[in-house]
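> What follows is a single structure, and I will ask about it in a moment.
The values are calculated or read from the model by the stated rules, or taken from the named source; none is laboratory data. Treat the numbers as computed from the prediction; the structure is a model and nothing was measured. All Cβ positions, even for glycine, are placed from backbone atoms using ideal geometry, and neighbour counts span all protein chains on display. When the accessible area is computed, the model is the full protein with side chains, heavy atoms only, and any ligands, DNA or RNA have been set aside. Shrake-Rupley method; radii C 1.70, N 1.55, O 1.52, S 1.80 Å.
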Amino acid sequence: MPIPVIQITDKQVQEVLSYTEGHFLDVKAKEIRPSKLSKAISAFANADGGELYVGIVDNTPLPFPDRWQGFADPEDANGHIQGLEELFPLGEGFLYSFLSHPSYTGVVLQIIVQKSKDIVKANDGLPYIRRGAQSLPVNTPDALAILKRNKGLTSFENEPVATELASITNSAAVIGFILNVIPSSEPEAWLRKQELIKNAKPTVAG
């Protein structure tokens with residue numbers, strides 16, 4: 001499906017040119033590499049969603065109107081689009097549009113990123129998370145575990161506890177409970193069936 005080219009109003013142009021980087025918004029020059037752009041998209045998707053504008057120069061002494069430095073035409077953004085669609089297919093939580101205005105040269109690529117249910121990774125294979133105006137890598141096991149819990153993919157109750165298995169298999173509470181289980185079962189077998197044992201350790205819920 002072709003990406004639409006939308007002509008925006010004078011007021012909307014002024015709004016776009018006034019945008020600065022923040023938790024829900026980012027602007028990038030058109031020269032940005034798709035791999036770097038994918039980090040920002042991953043970060044928005046793994047956090048609260050956001051918008052990206054490619055073709056707007058940020059942190060520059062250029063006069064305000066000159067911040068608009070878009071692609072000469074939509075085809076010039078093919079490298080960016082192709083690189084992104086391998087990871088972020090159009091219609092799957094990511095909306096693409098080109099913005100144009102008669103008084104400005106070229107088109108700006110607008111990417112609307114919705115908050116994802118799953119973990120979204122960038123081109124380098126890492127997921128990123130948005131913190132203020134930064135896209136931070138989730139590159140440690142602890143950080144990934146926190147992200148999974150925040151996404152609802154895991155819960156704290158399912159985490160294993162660094163204690164002996166016997167602390168629950170031989171506990172008075174579990175043995176008393178097992179006596180009333182139908183059909184009869186051994187404590188460890190029942191606990192494993194209920195997924196209250198993980199990697200030979202009791203879970204928090206267990």
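> Does Phe44 meet the test of being of a type outside the set (D, E, K, R) and in a loop (DSSP other than H, G, I, E, B)?
No: the conditions fail for Phe44.
> Can you name the condition, by its number, that Val13 falls short on among (1) modelled with pLDDT of 90 or more; (2) under 12 Å from the mean Cα position of the chain (by Cα)?
With (1) modelled with pLDDT of 90 or more; (2) under 12 Å from the mean Cα position of the chain (by Cα) applied to Val13, the lone miss is (2).
> Looking for something open to solvent by 40 Å² or more (accessible area, probe 1.4 Å) and either part of a helix (DSSP H, G or I) or modelled with pLDDT of 80 or more (or both) - is there at least one such residue anywhere in region 85-96?
yes
> Here's something else I'd like to know. Based on what the data block shows, is Ile129 of a type outside the set (S, T, N, Q), over 14 Å from Pro34 (Cα atoms) and open to solvent by less than 20 Å² (accessible area, probe 1.4 Å)?
Numbers: of a type outside the set (S, T, N, Q): yes; over 14 Å from Pro34 (Cα atoms): yes; open to solvent by less than 20 Å² (accessible area, probe 1.4 Å): no.
Judged against the criteria, Ile129 is not a match.
> Can I ask one more? Kindly list the number of the only condition in (1) open to solvent by less than 10 Å² (accessible area, probe 1.4 Å); (2) more than 21 Å from Pro137 (Cα to Cα); (3) not aromatic (Phe, Trp, Tyr) that fails for Val27.
In the conditions (1) open to solvent by less than 10 Å² (accessible area, probe 1.4 Å); (2) more than 21 Å from Pro137 (Cα to Cα); (3) not aromatic (Phe, Trp, Tyr), Val27 misses (2) alone.
> May I ask you to list the residues in region 101-118 that are at pLDDT 90 or above and either more than 30 Å from Ile146 (Cβ to Cβ) or open to solvent by 20 Å² or more (accessible area, probe 1.4 Å) (or both)?
Correct list: His101, Pro102, Ser103, Tyr104, Thr105, Gly106, Val107, Val108, Leu109, Gln110.
> Quick check on Ala43: is it touching a Ser or Thr at 6+ places or on another chain (Cβ under 7 Å), open to solvent by less than 30 Å² (accessible area, probe 1.4 Å), in contact (Cβ under 8 Å) with a residue 24 or more places away in the chain and not aromatic (Phe, Trp, Tyr)? Don't jump to the end; show me each part of the working.
Numbers: touching a Ser or Thr at 6+ places or on another chain (Cβ under 7 Å): yes; open to solvent by less than 30 Å² (accessible area, probe 1.4 Å): yes; in contact (Cβ under 8 Å) with a residue 24 or more places away in the chain: yes; not aromatic (Phe, Trp, Tyr): yes.
When the stated conditions are applied, Ala43 passes them.
> If you don't mind, another one. Looking at (1) assigned to a loop (DSSP other than H, G, I, E, B); (2) open to solvent by 60 Å² or more (accessible area, probe 1.4 Å), which is the only condition Ile6 fails?
(1)
> Okay, moving on. Would region 72-79 turn up any residue that is part of a loop (DSSP other than H, G, I, E, B), over 15 Å from Val54 (Cα atoms) and open to solvent by 10 Å² or more (accessible area, probe 1.4 Å)? Can you show your working first?
Step one: list which residues in region 72-79 are part of a loop (DSSP other than H, G, I, E, B), which gives 72-73.
With the extra rule that they be over 15 Å from Val54 (Cα atoms), the set shrinks to none.
No, because not a single residue in region 72-79 is part of a loop (DSSP other than H, G, I, E, B), over 15 Å from Val54 (Cα atoms) and open to solvent by 10 Å² or more (accessible area, probe 1.4 Å).
> Kindly indicate the residue of region 142-167 that is β-branched (Val, Ile, Thr) and open to solvent by less than 60 Å² (accessible area, probe 1.4 Å) and also modelled with the highest pLDDT among those meeting that condition.
To start, the set of residues in region 142-167 that are β-branched (Val, Ile, Thr) comprises 146, 154, 161, 163.
Adding the requirement that they be open to solvent by less than 60 Å² (accessible area, probe 1.4 Å) leaves 154, 161, 163.
On the way: Thr154: 54, Val161: 72, Thr163: 79.
Filtering first and then ranking leaves Thr163.
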